[in-house]
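**Q** Have a look at the structure that comes next, please.
The values are calculated or read from the model by the stated rules, or taken from the named source; none is laboratory data. These figures come from a predicted structure and were not determined experimentally. When we count neighbours, we look across all protein chains shown, and the Cβ atoms used for this are built from the backbone with ideal geometry, even at glycine.
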Amino acid sequence: MSENIERIKCLIIGSGPAGYTAAIYASRADLKPVMYTGMQMGGQLTTTTEVDNFPGYPKGTDGTAMMEDLKSQAERFGTEVRFGLVTEVDFSKEVGGVHKVTVDGSTLIEAESVIISTGATAKYLGLESEQRLIGGGVSACATCDGFFYKGQDVVVIGAGDTAAEEATYLSNICNKVTMLVRKDYMRASKAMQHRVEKTANIEVKYNTELDEVLGDNVVEGVRAVNNQTGEKEVIDVTGLFVAIGHKPNTDIFKNVLEMDETGYLITKGKSTKTNLPGVFAAGDVQDKEYRQAVTAAGTGCMAALDAERYLGALI
Ligand code: NDP
């Protein structure tokens, strides 16, 4: 542990739209926020393609560029953005108590208020062959890894907006994209479904699940199974993209903060207050319902206002 423990008014954990929006508001309120970005600086949007639905971008924007803009905006008002991972928390249960947070296993920070915006992480199916081949052809991020499959055939698992978006993105790079959808319909929005349907080199196989990923060190194909007929087929592909949803990044808050059965932090009423005073949660980490960049940004704003009011009431 470092000997000089840093004491700050407001700590923001996580650097997605929720974290940066909280930072903009907190720094403008003179809370002198310090943000620890986590390992994926900018959060999930840095792994998405175009963002067409964030208000204020009539022509759409690129997720990474948008996060860079948000970072610059937060820094302009004095937010200190630091690269680091919060590894342990010791939150006070008292109103006005100091929250102790360890970063990268060694740096200790004491914060009068904490805003948690750690987001969520992509889920995998959990098959042994899938896990073994992560990095060898199995990926959960088309924008990150799609380039490696230029002109090749790939499979996408899932039927939500992420899967539809990944399939559309990959269709521009790859020769053919096969989507495996476990039900007889897709959950994705109608607009995304239409995009998939209109794309000639995407084939959607309904009622179909992944049975196994084939290959020893790299993906050489997948075996799919029709869950109605039991019929199996091998699809020759070199890449497998898993797009089946996300898990909230709340492991370090287990037995500390109240969360639901799937690990999402619980906030009180229409506020961002957690069950502990001075600890607030914003963005996907507390929202399994809407999970949009704009709603995350909205709750980031709310968290900064809640933190400001909390600290103001202590004076
Ligand atoms: P979702 O939870 O919406 O969808 C997950 C998909 O994965 C579902 O179709 C589900 O199937 C499927 N799935 C889950 N487990 C398995 C499994 N074991 N085997 C096969 N399939 C499985 O997650 P998304 O990441 O797609 O989207 C999350 C949120 O983000 C949504 O609200 C979405 O609208 C939003 N989003 C918006 C975007 C945009 O507007 N540009 C882009 C991406 C996401 P089933 O339907 O059978 O349950």
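**Q** What do you reckon, is LEU210 away from the ligand (no atom under 15 Å from the Cβ) and either surrounded by 15 or more Cβ atoms within 10 Å (Cβ to Cβ) or of a type in the set (D, E, K, R) (or both)?
**A** On the way: away from the ligand (no atom under 15 Å from the Cβ): no; either surrounded by 15 or more Cβ atoms within 10 Å (Cβ to Cβ) or of a type in the set (D, E, K, R) (or both): yes.
In short, no.
**Q** Related question: Which one is modelled with the highest pLDDT among residues in segment 38-69 that are part of a loop (DSSP other than H, G, I, E, B) and charged (D, E, K, R)? Spell out the reasoning first.
**A** Residues of segment 38-69 part of a loop (DSSP other than H, G, I, E, B): 38-42, 48-49, 52-60.
Then keep just the ones that are charged (D, E, K, R); that gives 52, 59.
On the way: ASP52: 79, LYS59: 92.
By that ranking, first place goes to LYS59.
**Q** Something else about it: Would you confirm whether or not segment 217-228 contains a residue that is over 30 Å from LYS93 (Cα atoms), more than 27 Å from the chain's Cα centre (by Cα) and of a type in the set (D, E, K, R)? Talk me through it step by step, then tell me what you get.
**A** Taking segment 217-228 as the starting set, the residues that turn out to be over 30 Å from LYS93 (Cα atoms) are 217-228.
If we keep only those that are more than 27 Å from the chain's Cα centre (by Cα) too, we end up with 217, 220-221, 223-228.
If we keep only those that are of a type in the set (D, E, K, R) as well, we get 220, 223.
Within segment 217-228, one or more residues are over 30 Å from LYS93 (Cα atoms), more than 27 Å from the chain's Cα centre (by Cα) and of a type in the set (D, E, K, R).
**Q** Closer than 30 Å to ILE115 by Cα, more than 16 Å from the ligand (Cβ to nearest atom) and surrounded by 18 or more Cβ atoms within 10 Å (Cβ to Cβ): which single residue out of LYS268, LYS273 fits that description?
**A** Numbers: LYS268 fails: surrounded by 18 or more Cβ atoms within 10 Å (Cβ to Cβ).
Residue meeting the stated conditions: LYS273.
**Q** Which one of VAL177, VAL101, VAL95 is in a strand (DSSP E or B), among the hydrophobic types (A, V, I, L, M, F, W, C) and touching a residue at least 60 places away in the same chain (Cβ under 8 Å)? Working first, answer last.
**A** Working: VAL177 fails: touching a residue at least 60 places away in the same chain (Cβ under 8 Å); VAL95 fails: in a strand (DSSP E or B).
Residue meeting the stated conditions: VAL101.
**Q** Please go through segment 51-76 and give me each residue that is surrounded by fewer than 16 Cβ atoms within 10 Å (Cβ to Cβ) and among the hydrophobic types (A, V, I, L, M, F, W, C), ordered by number.
**A** ALA65
**Q** Right, VAL81: within 21 Å of the chain's Cα centre (by Cα) and either surrounded by 14 or more Cβ atoms within 10 Å (Cβ to Cβ) or among the acidic types (Asp, Glu) (or both) or not? Outline the logic, then answer.
**A** Details: within 21 Å of the chain's Cα centre (by Cα): yes; either surrounded by 14 or more Cβ atoms within 10 Å (Cβ to Cβ) or among the acidic types (Asp, Glu) (or both): yes.
The answer is yes for VAL81.
**Q** Just a yes or no: is a residue in segment 299-310 at pLDDT below 95 and outside any loop (DSSP other than H, G, I, E, B)? Spell out how you get there, then give the answer.
**A** Let us first name the residues in segment 299-310 that are at pLDDT below 95, namely none.
No.
**Q** Another one. Can you tell me which residues in segment 276-315 are within 16 Å of the ligand (Cβ to nearest atom), crowded, with 19+ Cβ neighbours inside 10 Å and charged (D, E, K, R)?
**A** Result: ASP284, ASP287.
**Q** Go through (1) modelled with pLDDT of 95 or more; (2) out of contact with any Ser or Thr (no Cβ under 8 Å at 6 or more places or on another chain) and name the single condition VAL155 misses.
**A** (2)
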